[in-house]
Structures are given as structure tokens and as C-alpha cells.
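Right, one structure below, let's go through it.
The values are calculated or read from the model by the stated rules, or taken from the named source; none is laboratory data. This is a predicted model, so every value here is computed, not measured. Every residue, glycine as well, gets a Cβ built from its backbone with ideal geometry; the counts of neighbours run over all protein chains shown. Side chains included, ligands, DNA and RNA excluded: accessible areas come from the protein's heavy atoms. Shrake-Rupley method; radii C 1.70, N 1.55, O 1.52, S 1.80 Å.
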Amino acid sequence: MKVKVRFFARFKELLGTDIVVDAATGIALNGLIRDIAAKNSEGYDEIFDENGTFKDFVILMRNGKRIDSTDAPQTKIEDGDEIAVFPPVAGG
Amino acid sequence: MVSKRERERYKRQMALFGEEGQERLKRAHIAIAGAGGLGSPVAIYLAVAGIGTLTIVDNDMVEVSNLNRQILHSDRDIGKRKTASAEGKLRDLNPDISVRVIDTTIDATNAASLIGSADGIVDALDNFPTRYVLNDVAIMKNVPLFHGAVRGFYGQASTIIPHTSACLRCIFPKAPPKETVPVIGVTAGFIGMVQATEVIKFLTNRGELLTNRLLIWDGMQARAEEIAIKRNPSCESCGDITTATRKK
């Protein structure tokens, strides 16, 4: 199934964006992002902690709807989903 | 009353919202938290638009490394307090408004009194912990918070109307790690203009505010996107029973 993943800001610099992947049926949100982020260790470390769970400030959206990062392991990806992953920017 | 001189000064914008709109701007008091990259363009444009009273809070001195983006300050201001520099520039730009400056660092103990009776708060800060303090004050006082933040060529903005729209903590429950962010003046200018536009729309009761939406600007791609956001009923700051509302 085809899924589109969009990274923003710092995540985008490290991992690119508008990534269309052929995801395995039944994959959960955290697994999907982990697989994509694994291609760049710096990008991976920006998003995930040492246990492979999302860092607590990471914002996840699925088809425009917010997903709490603690729910990501239970959030099954469906064909056509669009996932956005971004960090708050903090400068002023 | 808008004076004859003010009528001339604001003629081109009064064509947009009339004398009544200008009167609203004149009666308004806006607090700007920070006189740095975001605070500079916000303060300049709110001053020239004729916001009657601006309160600017900052505790830093002007450093040479500020000058790529903090356009309220000039080379000759290096070593001066940012508030003093800001006050002088804004008075030169528009002597018909009142500018109050406060040299202090905003924290949970002083934020409510610093904001005072302002009709709105502009978030021109550079860190999330203090942003959460302002968010709580905005909720407690029931005044809007105009959020903006930048990093490099990226920026984000949203307008928070307490008890109505998603608050800062609904959008960002956890602060990102502290870092010295790379930043270029044009990004702060772009996001600052979104914030200042929101302030003017709110005060003149015009247009559609950037509520329940997070605007994300990517300067490198020249692309602005928005993400729909919702209030979190169990939000630590604005949920049904919260610290901020209990302080009322």
C-alpha cells in the first residue's frame, strides 16, 4: 500500500520530504517512521530516543489529524494515508 | 478620537477599516514579549499601524550578533539595553503612540503583572518554557496570544483565543530541546508579519484569524502550509480543570 510521509523543518533537512513508500500491510505508525528514518542516523536520533520511541516533543499528524506519539504503536497505517512529522521550532 | 494629524497619517489604511477601525487600534494595548528577531518587525509594524500602547519586555543588551535580524537595533546600539533601543526607534517611527518598556526576564512570578491590562500578547520569545508561561497568562486573563517561532528558513505561527481555540500547549504539549538555533532575518520578518497581521485583524475585528491552525513556512521551498489543530480537552493549560484556569 502506498503511503506518503512528510517531514518538516529540521527533520526534513535530514530525511527529505514527500516520501512515498510501499508500506507493509498492518504496519503501525512508529514502525513506518522508524523504517524511513533509519536511512539517516542523525535524522533517526532527532526523532527517536534510545528505546526507539518517539521523542516527546515530536508532532505526528495522520491525514491532518493529530496522533499522540504514545498511540503511534497502536495506529495502523492504511493505504493512501498521509503522515506529517515535525518538531516545534523555538527560535525568536 | 482620531486626530486630524492621525487621520492623515493613517489615511491609506483607514481606507481598509475606517475611522472606527483606527480608533480600535488607538485604544488598544498590546504586549510584545521579546525585542529580538520576531519582536523587532512586530513592534515596528504595530507602531506604524497606530496601536495606541505597546509594552515591550526584554532583558537583553544589543550584541553585534543580533544585528542580522533584530532590525529595531542598529550598530550604534551595541551594548545598550534592547528596550532603550526599541523605545527610541519606535518613538521616532511614530510619536503618536505610547511605548512602555520593561527591562526584565519574564517568568511565572512576574508574567501576569508585566502583561497587565494588555488586550493581547505577542509571543516573540526564543524558548518554549517561557512561551508556556505566556500561554498560561493569556488563558488566565482571557486575552489572545499571537504565537510565532523560527529556525533557519522555517517558521511557524498560530493565534490562540483562550477557551475557544487550541492553546500553545494543545499544539505543542512538550518543549523541544534547548538549542542555539540558526536564524536569518527574513524568516523572523516573515513570521513577525503574520503575527502583526493577526493582531491588527483581531483588534479591528476583520478577516479570519489563524486559530486552530498552525501555519508552517518553509522559506527554502517558498511554501506555506497549514495543519489543522484542535483543542485538547485534557490539556494541562486550557483543559477543563487546569492550573491556569484555577488561578482566576
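Here the accessible area is traced with a 1.4 Å probe on the protein chains. For the stretch B:1-43, carbon and sulfur cover 53 percent of it.
Counting Lys and Arg as +1 and Asp and Glu as -1 over every other residue whose Cβ lies under 9 Å from the Cβ of B:Asp96, the net charge comes to +2. For chain B, averaging the sequence separation of C-alpha pairs within contact (under 8 Å, six or more residues apart) and dividing by the residue count gives a relative contact order of 19 percent. When the charge dipole of the protein assembly as shown is built from unit charges on Cβ atoms (+1 for Lys and Arg, -1 for Asp and Glu) and taken about the Cα centre, the candidate among B:Trp217, B:His147, B:Thr204 whose Cα reaches farthest toward its positive end is B:Thr204. For chain A, the solvent-accessible area works out to 45 Å² per residue, with a probe of 1.4 Å and every protein chain left in place.
Note that the stretch A:86-92 has calculated 3J(HN,Hα) couplings of 8, x, x, 8, 10, x, x Hz, one per residue in order, obtained from phi through the Karplus relation 6.51 cos²θ - 1.76 cosθ + 1.60 (θ = phi - 60°); glycine and proline are x. Net charge near B:Gly207: determine it from the other residues with C-beta under 10 Å of the C-beta of B:Gly207, scoring Lys and Arg +1 and Asp and Glu -1. Residues close to B:Gly207 contribute a combined charge of 0. State the Cα centre-to-centre distance between the stretch A:60-92 and the stretch B:83-105 in whole Å. Result: 42 Å between the Cα centres. The spread of Cα positions in the protein assembly as shown, taken along each principal axis and listed from longest to shortest, comes to 70, 42, 41 Å. Placing unit charges on each Cβ (+1 for Lys and Arg, -1 for Asp and Glu) gives the protein assembly as shown a dipole about its Cα centre, and among A:Phe48, A:Thr17, B:Phe128 the Cα reaching farthest toward its positive end belongs to B:Phe128. In the stretch A:60-92, comparing the full protein assembly with the chain on its own, the residues that lose 50 Å² or more of accessible surface at a 1.4 Å probe are A:Arg66, A:Phe86, A:Pro88, A:Val89, A:Ala90, A:Gly91, A:Gly92. Interface A-B: total buried accessible area of about 2100 Å², 1.4 Å probe, protein heavy atoms only.
The dipole here belongs to the stretch B:4-246: it is taken about the Cα centre, uses +1 on the Cβ of Lys and Arg and -1 on the Cβ of Asp and Glu, and is about 400 debye.
Here A:Lys65 is the anchor, and the aspartates and glutamates within straight C-alpha reach of less than 19 Å, apart from those fewer than 8 places off in the same chain, are A:Asp18, A:Asp56, A:Glu78, A:Asp79, A:Asp81, A:Glu82, B:Glu225, B:Glu226. Which shape class applies to the stretch B:20-124: rounded if a/c is under 1.5, otherwise prolate when a/b exceeds b/c and oblate if not, where a ≥ b ≥ c are the square roots of the Cα gyration tensor eigenvalues? Verdict is oblate for the stretch B:20-124.
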